[in-house]
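J.: Have a look at the structure that comes next, please.
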Amino acid sequence: MDIKKIQKQLADFANERDWDQFHNPKNLAMALSVEASELVEIFQWLTPKQSEEIMVFGDGEHVKEEMADIMIYLMRMADKLDIDLESAVNDKIVKNSEKYPVDLSKGNAKKSTSFNSETKKPLEEKGSEAESSKANKKKLRRHDVRNAVVKFCKAYGRRLDIGNILEYSKHEQDERGQDYWIGYKLVDHKGEECGEISAGYIYGGTGAYAEIWVNEQIIETDSSKVDYYSHHDKEKNEQPKELKTLLIRLAERAASQIIKK
């Protein structure tokens, strides 16, 4: 790939349409984020197997177009910031090799901060990380999640209301790519289901994901890095605090953004 040649083509394309005035790094970064989200949306409810076969049995052309859009904005932004992408990528590969040595990283997806390169043991929590851990251990009140969802419904307006409690759990992966999730159904003024606010563990225990959607439109999403297998109390059948906290954060942020508008 001749990056410089493509960047010139993109610059010419923008100049011919007098779009260069809009292509500042901030706008390009935002556009890049939007295109990345559109790529994510294609895979959102697919199983891992479906995602692997999408180029053969799915909407492969759509995937290619979204990836091309991402690359276009990335190259355009690098051009504006005078960044040599090829050198930047090569430098990053070297750094990652040092950051994730084979003997410590092989076969696992742990972050480099989770192990000590000398002792090969987990690092102890320090400073804000320890404080964050303590904060997560605070007991949530019974109605905290419901109150946050109600707050969002009131902010959203259009006679949106909270519906039935949503809870689903099984050992095998569901259609969302999650094996445990909680939340609430959302209903319209007729009492008919029109949306959902939910949070669940990503299949495989690599993190948690939450979203709000109304009338087939995604309103807000959020995610966090938590370990399903070490946090979920299966014996007591309790809803994990991490998912409750994620739901509250999602609902309150969505409500705040709607109010600001």
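J.: Check residue 255 against each of (1) small (Gly, Ala, Ser); (2) within 17 Å of the chain's Cα centre (by Cα); (3) modelled with pLDDT of 75 or more and name the one condition it does not meet.
T.: (2)
This table checks each residue for (1) farther than 30 Å from residue 48 by Cβ; (2) modelled with pLDDT of 80 or more; (3) not charged (D, E, K, R).
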residue	(1), (2), (3)
115	no, no, yes
118	yes, no, no
137	yes, no, no
145	no, yes, yes
156	yes, yes, yes
171	no, no, yes
175	no, no, no
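J.: Give the residue that is nearest to the chain's Cα centre (by Cα), with candidates limited to residues of the range 72-90 that are buried (at least 16 other Cβ atoms within 10 Å of the Cβ) and among the hydrophobic types (A, V, I, L, M, F, W, C).
T.: Here the residue is 74.
J.: Also, I was wondering about something else. Considering every residue within the range 47-70, establish whether at least one is in contact (Cβ under 8 Å) with a residue 24 or more places away in the chain and of a type in the set (Gly, Ala, Ser).
T.: No, every residue in the range 47-70 fails to be in contact (Cβ under 8 Å) with a residue 24 or more places away in the chain and of a type in the set (Gly, Ala, Ser).
J.: Does any residue of the range 92-108 turn out to be within 30 Å of residue 9 (Cα to Cα), in a loop (DSSP other than H, G, I, E, B) and at pLDDT 85 or above?
T.: There is no residue in the range 92-108 that is within 30 Å of residue 9 (Cα to Cα), in a loop (DSSP other than H, G, I, E, B) and at pLDDT 85 or above.
J.: Same structure, new question: Check whether at least one residue in the range 181-197 is modelled with pLDDT under 60 and either in the same structural domain as residue 47 (by TED's automatic domain parsing) or not aromatic (Phe, Trp, Tyr) (or both), and report yes or no. If you could, list the steps in order and put the result at the bottom.
T.: Initial filter on the range 181-197 (modelled with pLDDT under 60): none.
The answer is no; no qualifying residue exists.
The values are calculated or read from the model by the stated rules, or taken from the named source; none is laboratory data. None of the values given here were measured: they were computed from a predicted structure. Ideal geometry is used to build each Cβ from the backbone, glycine not excepted, and the neighbour counts take in all protein chains shown.
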